[in-house]
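Visitor: One structure coming up, written as structure tokens, with questions to follow.
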Amino acid sequence: MTFEYAPAPESRAVVDIAPSYGLFIDGEFTEAADGKVFKTVSPANEEVLSEVAQAGAQDVDRAVRAARKAFEKWSALPGAERAKYLFRIARIIQERSRELAVLESLDNGKPIRESRDSDLPLVAAHFFYYAGWADKLGHAGYGANPRPLGVAGQVIPWNFPLLMLAWKIAPALACGNTVVLKPAETTPLSALFFADICRQAGLPKGVVNILTGDGTTGAELVAHPDVNKVAFTGSTEVGKAIARTVAGTDKKLTLELGGKAANIVFDDAPVDQAVEGIVNGIFFNQGHVCCAGSRLLVQESVQDELLDALKRRMATLRVGDPLDKNTDIGAINSAEQLARIKSLAEAGEQEGAERWAPACELPDSGYWFAPTLFTGVTQAHRIAREEIFGPVLSVLTFRTPEEAVEKANNTPYGLSAGIWTEKGSRSLWMAGKLRAGIVWSNTFNKFDPASPFGGYKESGFGREGGRHGLEAYLDV
Amino acid sequence: MPTTVPAYGKEAAGRLASMADVTASDGALRRFLHGLPGVDAVGLQARAATLGTRSIKNTAKAYAIDLAITMIDLTTLEGADTPGKVRALCAKGVNPDPTDRTVPKVAAICVYPDMVATAKDALGDSGIHVASVATAFPAGRAALPVKLADTRDAVAAGADEIDMVIDRGAFLSGRYMSVFEEIKQVKEACRREDGSAAHLKVIFETGELQTYDNVRRVSWLSMLAGADFIKTSTGKVAVNATPPVTLLMLEAVRDFHAATGVQVGVKPAGGIRTTKDAVKYLVMVNETLGEGWLTPDWFRFGASSLLNDLLMQRQKLSTGRYSGPDYVTVD
């Protein structure tokens with residue numbers, strides 16, 4: 001007999017998903033003006049979870065007008081009053097965190113272990129953190145009495161639906177702005193539950209509006225003339241389109257886009273922990289992470305040893321039901337994303353890199369991709385340059401610290417990087433040289449509301465989180 | 001049930017011999033131990049914590065409970081130990097739950113050297129081993145001849161396994177070769193007249209060694225010196241077995257096996273009191289070393305109160321109800 005873990009699924013009973021949802025405008029759920037709807041499915045088994053409204057131009061206009069109206073009162077409130085609402089929202093999120101974690105795993109496909117232990121605690125922490133800033137804006141370093149911008153139009157991705165919502169909404173509200181937010185097409189549910197939390201918290205009507213829909217809804221929102229601030233997290237391609245739309249207007253813009261982070265392992269690195277960091281860097285949330293450590297740069301002298309250890313570790317990853325507490329890797333978010341990952345992986349093989357994946361059984365229905373490793377990758381390969389946004393790791397080698405820096409920076413992106421070495425002086429030297437918004441030393445994918453996040457080059461501009469995150473929502 | 005350790009294949013012996021030069025001199029040993037990969041404390045603790053969140057239920061839990069019972073070194077190490085107390089413990093080891101004969105036996109009874117004969121007699125042909133803490137346990141502060149005599153005495157009395165403590169003072173002051181030699185000599189003292197030998201478990205007292213780097217070094221040092229098992233602690237200090245330390249030792253055992261082909265066992269001891277804790281350790285073994293170590297030959301729990309919690313959880317699984325401490329025997 002072997003030690004087979006029995007399935008330990010989290011109960012779905014804690015979350016009550018309605019068969020259909022409307023748009024959340026001016027504190028009420030309403031249908032789309034033209035009555036269009038679309039379905040949201042669970043990527044783990046393709047089950048339809050609910051039907052949500054597809055917001056059109058009229059709905060966007062209605063939501064922005066509601067936000068504009070609410071802005072007068074909301075921005076005039078003393079900071080301490082706004083803080084009360086934010087604290088209340090943070091506490092409700094904590095109270096409902098089990099429900100929200102299950103919902104997030106159902107709609108997104110991410111393992112419950114991550115939505116429960118990473119996403120939800122961070123979501124609450126963000127609201128707590130910015131609640132703390134709301135009455136201290138004068139001390140943030142942006143002048144004695146910084147003013148809010150007005151209506152913020154925010155478009156967020158599907159990889160961390162609720163966390164990205166928190167990153168956008170918490171600082172916006174703390175600074176006195178009102179919000180129209182569009183969640184991603186494939187993961188709209190947690191934002192709609194958040195709308196309910198706003199009502200539960202007694203948030204004044206119109207301060208937060210949620211519009212579900214696809215890219216066209218996002219485009220309408222970004223282009224709306226009465227939006228003062230646009231914040232977008234998502235692909236570089238869409239980010240560029242948004243930048244073009246906003247160009248020439250007086251809208252303020254922040255973009256948090258793609259990445260192709262280097263995870264650099266030196267020969268004196270703590271091997272076992274580096275392996276964990278590599279695994280966490282690329283397989284966390286199925287690799288659906290813009291700051292994922294998707295390029296492993298390993299010093300040539302320890303390449304074999306490290307890859308052996310990494311493969312051994314990858315063989316223990318458990319892929320499957322996202323609601324099972326023992327699952328390490330869940331489902332790919334959508335059929336489109338799965339197709340993209342597959343095509344890039346095939347490109348890797350065609351260009352001569354060697355593909356490896358542990359033997360693992362994937363479920364029959366739903367969208368799945370086994371954790372995959374490519375060795376023999378060079379800077380010229382597509383898999384070393386393009387963001388794959390899936391559980392695919394490309395391994396490159398280097399010989400000297402200078403070469404590591406050069407290769408790490410040789411990318412159109414610059415969101416994050418990781419350094420693994422026991423030598424502190426080298427860590428600090430490298431951190432200063434790497435063109436990346438975040439450099440992790442002997443760790444990876446660590447987040448904190450107090451720590452600013454954002455990119456260089458095609459990874460975008462502006463910072464979210466920390467004191468720096470306030471700047472994007474203040475007239476400074 | 002515990003069996004004798006298989007003799008290493010020729011290949012393994014050869015690979016181990018090829019590592020002999022790292023123990024050729026004090027300097028070589030120091031360079032080797034300090035050349036081992038470092039340990040990042042935050043990362044190690046995070047990994048141990050993640051493994052601790054595995055959810056083990058139903059059939060997996062039933063399996064884990066029985067496995068854990070077979071891995072227990074049921075221990076009494078008190079100054080007040082009497083032959084009566086030891087006999088009672090032996091009876092419990094043979095038959096842990098009087099109400100349920102399907103409960104497996106424990107792996108060994110662990111006692112002080114002067115109680116070995118008593119335990120041996122009480123256990124008879126039950127197949128349960130007698131483990132004895134020798135070498136001036138728990139402080140290890142005695143002259144080497146005294147430690148060796150202590151060991152020989154326990155082996156002569158019939159001990160199947162010897163749990164020795166290392167000289168932490170020597171290790172912390174960097175006299176690695178002294179620790180290495182001591183382990184080798186104790187291992188030699190474990191030899192019986194008929195050529196067989198008692199199984200040697202080397203106790204580090206990781207709570208006193210303080211750093212994770214030290215734990216990795218002492219693990220390698222002991223394995224190079226011939227330890228059959230490496231064991232966290234005596235159970236007599238403030239900090240005993242912890243999940244990160246045990247995980248680190250499992251990783252060292254895994255790497256040593258990869259390098260030499262020699263399989264070494266691991267025994268966390270002290271402070272493991274609940275089924276929940278025990279299951280976490282089994283998960284660590286399963287995901288670090290794999291099935292090959294999930295037997296009492298290669299993994300043990302040094303514990304005295306763990307058994308009762310396992311029995312209560314076992315009763316809960318079979319009846320659906322929690323009983324209580326009065327439904328298991330005190331010893």
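Visitor: Does at least one position in segment A:288-301 carry a residue that is assigned to a helix (DSSP H, G or I) and either open to solvent by less than 20 Å² (accessible area, probe 1.4 Å) or closer than 22 Å to A:L415 by Cα (or both)?
Guide: No: zero hits.
Visitor: Right, here's the next one. Is one or more of the residues making up segment A:251-265 over 23 Å from the mean Cα position of the chain (by Cα), surrounded by fewer than 24 Cβ atoms within 10 Å (Cβ to Cβ) and either within 14 Å of another protein chain (Cβ to nearest Cβ) or within 17 Å of A:S416 (Cβ to Cβ) (or both)? Break it down stepwise before answering.
Guide: Taking segment A:251-265 first, the residues over 23 Å from the mean Cα position of the chain (by Cα) are A:251, A:265.
Still in the running and surrounded by fewer than 24 Cβ atoms within 10 Å (Cβ to Cβ): A:251.
Then drop every residue that is not either within 14 Å of another protein chain (Cβ to nearest Cβ) or within 17 Å of A:S416 (Cβ to Cβ) (or both), which leaves none.
Checked against the condition, which is being over 23 Å from the mean Cα position of the chain (by Cα), surrounded by fewer than 24 Cβ atoms within 10 Å (Cβ to Cβ) and either within 14 Å of another protein chain (Cβ to nearest Cβ) or within 17 Å of A:S416 (Cβ to Cβ) (or both), segment A:251-265 yields no hits at all.
Visitor: Among residues belonging to segment B:59-109 that are within 20 Å of B:I162 (Cα to Cα) and within 14 Å of chain A (Cβ to nearest Cβ), point out the one that is most open to solvent (accessible area, probe 1.4 Å).
Guide: B:T70
Visitor: Further question: Give segment A:244-274 a look and list any residue that's without any contact (Cβ under 8 Å) to a residue 40 or more places away in the chain and outside any loop (DSSP other than H, G, I, E, B), or say none.
Guide: A:R244, A:T245, A:V246, A:V271, A:D272, listed by residue number.
Visitor: If A:L120 passes every condition in (1) part of a helix (DSSP H, G or I); (2) open to solvent by 10 Å² or more (accessible area, probe 1.4 Å) but one, which one does it miss?
Guide: Every listed condition holds for A:L120 apart from (2).
Visitor: Going through segment B:223-272 one residue at a time, which ones are over 15 Å from B:L36 (Cβ atoms), surrounded by fewer than 23 Cβ atoms within 10 Å (Cβ to Cβ) and among the polar types (S, T, N, Q)?
Guide: Matches in segment B:223-272: B:N240, B:T242, B:Q263.
Visitor: Right, next: Has segment B:166-178 got at least one residue that is of a type outside the set (S, T, Y) and modelled with pLDDT under 95?
Guide: No, every residue in segment B:166-178 fails to be of a type outside the set (S, T, Y) and modelled with pLDDT under 95.
Visitor: Which one is most open to solvent (accessible area, probe 1.4 Å), of the residues in segment A:415-443 that are within 14 Å of chain B (Cβ to nearest Cβ) and part of a strand (DSSP E or B)? Break it down into steps so the answer makes sense when it comes.
Guide: Step one: of segment A:415-443, the residues within 14 Å of chain B (Cβ to nearest Cβ) are A:418-424, A:426-427, A:440-443.
Next, from what is left, pick out any that are part of a strand (DSSP E or B): A:418-420, A:440-441.
Values: A:G418: 0, A:I419: 2, A:W420: 5, A:W440: 19, A:S441: 61 Å².
Here the residue is A:S441.
Visitor: If you don't mind, there's one more thing I want to ask. Is it the case, given these coordinates, that B:A117 is of a type outside the set (D, E), within 23 Å of B:L89 (Cα to Cα) and surrounded by fewer than 21 Cβ atoms within 10 Å (Cβ to Cβ)?
Guide: Yes: the conditions hold for B:A117.
Visitor: In segment B:43-58, how many are within 9 Å of chain A (Cβ to nearest Cβ), over 14 Å from A:N280 (Cα atoms), surrounded by fewer than 18 Cβ atoms within 10 Å (Cβ to Cβ) and not charged (D, E, K, R)?
Guide: Going through segment B:43-58 one residue at a time, the tally reaches 2.
Visitor: Would segment A:114-135 turn up any residue that is away from chain B (no Cβ under 14 Å), in contact with a strand residue (DSSP E or B) (Cβ under 8 Å, 6 or more places away or on another chain) and farther than 23 Å from A:T187 by Cα?
Guide: Among the residues of segment A:114-135, not one is away from chain B (no Cβ under 14 Å), in contact with a strand residue (DSSP E or B) (Cβ under 8 Å, 6 or more places away or on another chain) and farther than 23 Å from A:T187 by Cα, which makes the answer no.
Visitor: Filter segment A:315-341 down to the residues that are part of a loop (DSSP other than H, G, I, E, B), within 14 Å of chain B (Cβ to nearest Cβ) and of a type in the set (A, V, I, L, M, F, W, C), then identify the one that is surrounded by the fewest Cβ atoms within 10 Å (Cβ to Cβ).
Guide: So the residue we want is A:A315.
The values are calculated or read from the model by the stated rules, or taken from the named source; none is laboratory data. Please read all numbers here as calculations on a predicted model, not as lab measurements. Neighbour counts run over all protein chains shown; Cβ positions are idealised from the backbone, glycine included. Remember, those area values only see protein heavy atoms, side chains included, never the ligands or the DNA or RNA. Shrake-Rupley method; radii C 1.70, N 1.55, O 1.52, S 1.80 Å.
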